[in-house]
Structures are given as C-alpha cells and as structure tokens.
Amino acid sequence: PHTPGSLSRFLKYTTESGANIGFIDFDEAGRYPDRLTVSLNLEHPALVEQLLDTLKSRYHLEILEYDTTGKNLDDTIFYVKFAQEIRDLLGESENDFLLSFLADTNHIAQELMNRGNNPRLVFDSVLQTGRTLRATTGRNFYADIQKITVTPLVDLFCFQLPCGGSIYVLTAGKETVMIDTGYGIYHDDVMAMFSHFGLGNEDQFTRLIISHADADHCGAAGFFPADALMHIGTRDIIKTNNRAYGSRSEHSVLEAFYTKMINLFSRFTASKKITCLPKTGAETQSIFPVLATISVGDISLDILEGLGGHTHGQIYLYCQKEGLLFTADAVINFASLTPERARYNSLADFLVTSVNVDSDLARKERKALLELAAETDQQLKTRQKRCRICGGHGAVSVLENAKLVPYGDSIQYKASGD
C-alpha cells in the first residue's frame, strides 16, 4: 500500500528471512503507481517458501520471474500466480475468499487426479473458463442468429452466444417471450444485440421461461423485471448453488465446485421474480408429464417435465401444431457448434466428467425427444411443415435421415458492427 511506513514493514519481513535485495523499482508517476517491483535472493528453497507465504498473506503479489530447482518453491510460485489470475478474473476479492477458492480448486484437482487426470490441467481448465468468458465480451462479442416465421403473427429468434447456451425469443405483436437468458456477463452485449434486431430493452419482455438452472441458461434473469417461469427444482438448484441438487450426484464435489466457479466467472444474477410450475401434470407427451400450457400470440406450448438427466428440474416446450420442440440440453446439434464453442463446452465436461447428473436418464430423455420430433414430422407432412428442434446449444435443426441438420440460414452479429 502506498502509505507511510509500508516499505519499512516490507523490509522487516525480508530481513527476517535473510533475503538479499537485488533491486527495488517504484515510480509514482509511472504506469503502475501502486506497484513496487523487488528482486530478492535467498539461498534455501524452504526460506523462499516461508517468505512468500508471509508476503502473500499481506500483499497482492505477481511473480514476474524466478529461478530455482526446488519443487516446493515451484508449487508456491504456481499457486501465487494462479491466485493472482483468479483475482484478475473476479476483481478485488478478500484474501480469505481467494484462499477458499484455491482450496476448493485443489480439492477437485485431487479428485480428478485420482481418476487419472493431470492436476495442472484442472487449474488450467478453470482459468480457461474464466478467460474465455471475459475475452468474448464487449467488442469481442458475437452471435449466430436464426430468424424463423412460425405463424404470420409469431416470429422465433435463436441467438447462439460465444459461450454457453442459446437464447430464444418469441415475438407476437406487443408480446415478447424469452426462453433462457444466457450468461450474466453477456447481458449488456445481448441487450445491444437485441436493440439491433428491434427487440427493445429489458422492459419489453413480458415473460421469461427458464429451461434449467445452469448459469448459461438463466444467469442473466435478474436483469429483467418480468417473472421467470421455472420448475421448482430449478429454483432449488439456484438457491443451493449446486447444479447436482436433487440428483444421485448431489454430493459430488466436482458439481458443487463447478457451480460456484461458473456462477462467479459468468456473473450469475438470479431472478428476483420467480413463478414455479405445478409439481405434477395430469397429461403426458411421450414419457414426459405436461405441467402447464402457455400461449404466445396464436401458438400454444406445452411445458414438459424432464426426468432429471441433465439437471433436476429441466423442462421442455412443445408445440405440435406448429412444429416446435425446445429440448434444452437434452438434445443438441453438436455438429453445428463452431470449434471455439465446442472447445469451451469441453472445459465443463472435463471438470465435472459429465455435464449430465444422471447419464442413464439423459440417454432415455434424448431418445424420447428425438422420437417425439420424428413423430411430429410425420404428422406435419401433409401441411408441408417440419418439427424444428431448438436445442440448448447450437442451431435450430430438423431431422434428416435420423441426423440433426441446421434449419434454414443464419447470420452473424458482431459487436463491432463489422
């Protein structure tokens, strides 16, 4: 800290450890007026570790360079540099919080190491998640967009964001409904994009529908004044800050850590106005209970309750008449993802070993949803319509020879306007 007596206290710590000072550099009028650069030399690695532990508990450190063959020092340097990068990603945070986050990261690194993974890759994947989100905001934000005319009154937009899930918007005159919101970190960029496409500001949205509790699908809900309609299980996952809540993986340290990490990096902002769906439904579509039916313009959408394969409380929306099936993360056209999006998605898959909290149920849901889409296609043939599958990631697609292919054309939006 640039206050009287600070240097004296700092030198007390270095003197007690027997460190020789090679140089000290400080420039109050320079680019970094609050930075002191110091070169220290010590003879014994154990003393280096002891001094660094003392200093990092009192100051914000950035290790610029070091030269040693001691393994313990190497680990100390690694952790200090990791903590500094986390601080850069999250902004100013209390040291106690950073130490807790570092301990949690260590915990999952050990867990994944026991499964045969390189622990350094765990730390790198955590950092890559935060870096990629931050690097795709502002002037670097982009999206791929499909616009589909559902009826003469209703239009559907699909916005594929740089990272995470797709946002869907249904418009019908003065009625504008959003299905999933994307990450909170993208909110300003998304609103600029919505304005570009004539979708207005936050107040224009009359309803939010949240498919499930992952941050890339509901992390910006709190920015909108409209009610967020969701499954009670989704609400409970948000409250517990654990995406595995309500599943057989509920006590997984990997799931709990990932939820905490991604919510922090993506600036999760929970909805302040939540409406929960009924707990049971009297009817079914395929194997899924119908919890409610909503209208947007002149179309009706059945809200189907998932089985809990991807997350507890995941829901689907289905309009047989107009051929719309919103499948959240149960059915995704992975082939439509760009390499950059696929690479980002693989980070979560590595850190939790599977993005599905119950893989058996997830397979069952996917099979049933694809069968429902195929049956709907057959029913719509006489009207020369298709069942459009709106997955949680990637392009709106249709089935061709049992494979998902993008439906229609898409355009790219870039924040720079290029």
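The values are calculated or read from the model by the stated rules, or taken from the named source; none is laboratory data. None of these values were measured; they are calculated from a predicted model. FYI the Cβ positions are ideal-geometry reconstructions off the backbone, even for glycines, and counts take in every protein chain you see.
What's the total number of residues in the range 129-154 that are among the β-branched types (Val, Ile, Thr) and in a strand (DSSP E or B)? Explain how you work it out, then say what you get.
From the range 129-154, those among the β-branched types (Val, Ile, Thr) are 129, 132, 136-137, 145, 148-151, 154; that's our starting set.
Subsequent filtering for residues that are in a strand (DSSP E or B) retains 145, 148-149.
Qualifying residue count, the range 129-154: 3.
Condition first: outside the structural domain of residue 126 (by TED's automatic domain parsing), over 26 Å from residue 188 (Cα atoms) and surrounded by fewer than 23 Cβ atoms within 10 Å (Cβ to Cβ). Can you find one or more residues in the range 267-277 that meet it? Working first, answer last.
Narrowing the range 267-277 to residues outside the structural domain of residue 126 (by TED's automatic domain parsing): 267-277.
When the remaining residues are screened for being over 26 Å from residue 188 (Cα atoms), the result is 276-277.
From what is left, the residues that are surrounded by fewer than 23 Cβ atoms within 10 Å (Cβ to Cβ) are 276-277.
Yes: one or more hits.
Limited to the range 133-146, what total is found for residues that are in contact (Cβ under 8 Å) with a residue 60 or more places away in the chain and either touching a strand residue (DSSP E or B) at 6+ places or on another chain (Cβ under 7 Å) or surrounded by 18 or more Cβ atoms within 10 Å (Cβ to Cβ) (or both)?
Selection size over the range 133-146: 7.
Under 6 Å between Cβ atoms, which residue pairs at least 6 apart in sequence (or on different chains) link something in the range 273-285 that is β-branched (Val, Ile, Thr) with a partner that is assigned to a loop (DSSP other than H, G, I, E, B)?
These pairs meet every condition: 275/227.
Run down 338, 376, 311, 382 and say which single residue is among the polar types (S, T, N, Q) and within 27 Å of residue 111 (Cβ to Cβ).
Details: 338 fails: within 27 Å of residue 111 (Cβ to Cβ); 376 fails: within 27 Å of residue 111 (Cβ to Cβ); 382 fails: within 27 Å of residue 111 (Cβ to Cβ).
Being among the polar types (S, T, N, Q) and within 27 Å of residue 111 (Cβ to Cβ) holds for just one of 338, 376, 311, 382, which is 311.
Name the single residue, out of those in the range 282-303 being touching a helix residue (DSSP H, G or I) at 6+ places or on another chain (Cβ under 8 Å) and part of a strand (DSSP E or B), that is farthest from residue 314 (Cα to Cα).
Only one residue tops the list, namely 285.
For the range 196-223, how many residues meet the condition of being assigned to a loop (DSSP other than H, G, I, E, B), buried (at least 24 other Cβ atoms within 10 Å of the Cβ) and not β-branched (Val, Ile, Thr)?
Residues of the range 196-223 that are assigned to a loop (DSSP other than H, G, I, E, B), as a first pass: 197-201, 205-206, 210-214, 219-220.
Retained after the next criterion (residues that are buried (at least 24 other Cβ atoms within 10 Å of the Cβ)): 210-214, 219-220.
Restricting the remaining residues to those that are not β-branched (Val, Ile, Thr) gives 211-214, 219-220.
Number satisfying all stated conditions: 6.
Any residue in the range 239-248 that is assigned to a loop (DSSP other than H, G, I, E, B), touching a residue at least 40 places away in the same chain (Cβ under 8 Å), crowded, with 17+ Cβ neighbours inside 10 Å and among the basic types (Lys, Arg)? It would help to see each step written out before you state the result.
Step one: filter the range 239-248 for residues assigned to a loop (DSSP other than H, G, I, E, B), giving 241-248.
Of the ones still in play, those that are also touching a residue at least 40 places away in the same chain (Cβ under 8 Å) are 243-248.
Within this subset, residues satisfying the condition of being crowded, with 17+ Cβ neighbours inside 10 Å are 243-247.
Filter once more, keeping what is among the basic types (Lys, Arg): 243.
Yes.
Condition check ((1) within 18 Å of the chain's Cα centre (by Cα); (2) part of a loop (DSSP other than H, G, I, E, B); (3) among the hydrophobic types (A, V, I, L, M, F, W, C)) across all residues:
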| residue | (1), (2), (3) |
| --- | --- |
| 121 | no, no, yes |
| 125 | yes, no, no |
| 156 | no, no, yes |
| 167 | yes, no, yes |
| 182 | yes, yes, no |
| 185 | yes, no, yes |
| 188 | yes, no, no |
| 193 | no, no, yes |
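Please count how many residues of the range 94-119 are surrounded by fewer than 15 Cβ atoms within 10 Å (Cβ to Cβ) and not in a helix (DSSP H, G or I).
Adding up the residues that qualify gives 4.
So the check is Cβ under 6 Å with 6+ separation or different chains; which pairs have a first residue in the range 291-303 that's at pLDDT 95 or above and a second one that's surrounded by 14 or more Cβ atoms within 10 Å (Cβ to Cβ) and among the acidic types (Asp, Glu)?
Here the result reads 291/305; 293/302; 299/322, each pair linking the range 291-303 to a residue that is surrounded by 14 or more Cβ atoms within 10 Å (Cβ to Cβ) and among the acidic types (Asp, Glu).
Just to be sure, is residue 86 at pLDDT 80 or above and either touching an Asp or Glu at 6+ places or on another chain (Cβ under 6 Å) or assigned to a helix (DSSP H, G or I) (or both)?
Details: at pLDDT 80 or above: yes; either touching an Asp or Glu at 6+ places or on another chain (Cβ under 6 Å) or assigned to a helix (DSSP H, G or I) (or both): yes.
So residue 86 passes the test.
Just to be sure, is residue 231 more than 26 Å from residue 154 (Cα to Cα), touching a residue at least 60 places away in the same chain (Cβ under 8 Å), surrounded by 22 or more Cβ atoms within 10 Å (Cβ to Cβ) and not polar (S, T, N, Q)? Quick ask: steps written out before the conclusion?
Details: more than 26 Å from residue 154 (Cα to Cα): no; touching a residue at least 60 places away in the same chain (Cβ under 8 Å): yes; surrounded by 22 or more Cβ atoms within 10 Å (Cβ to Cβ): yes; not polar (S, T, N, Q): yes.
When the stated conditions are applied, residue 231 does not pass them.
Could you tell me whether the range 45-52 includes any residue that is out of contact with any helix residue (DSSP H, G or I) (no Cβ under 7 Å at 6 or more places or on another chain), over 26 Å from residue 99 (Cβ atoms) and either in contact (Cβ under 8 Å) with a residue 12 or more places away in the chain or β-branched (Val, Ile, Thr) (or both)?
Checked the range 45-52: no residue is out of contact with any helix residue (DSSP H, G or I) (no Cβ under 7 Å at 6 or more places or on another chain), over 26 Å from residue 99 (Cβ atoms) and either in contact (Cβ under 8 Å) with a residue 12 or more places away in the chain or β-branched (Val, Ile, Thr) (or both).
Could you list, in sequence order, all residues of the range 34-73 that are surrounded by fewer than 12 Cβ atoms within 10 Å (Cβ to Cβ) and modelled with pLDDT under 75?
Of everything in the range 34-73, those that are surrounded by fewer than 12 Cβ atoms within 10 Å (Cβ to Cβ) and modelled with pLDDT under 75 turn out to be 64, 65, 67, 69, 71.
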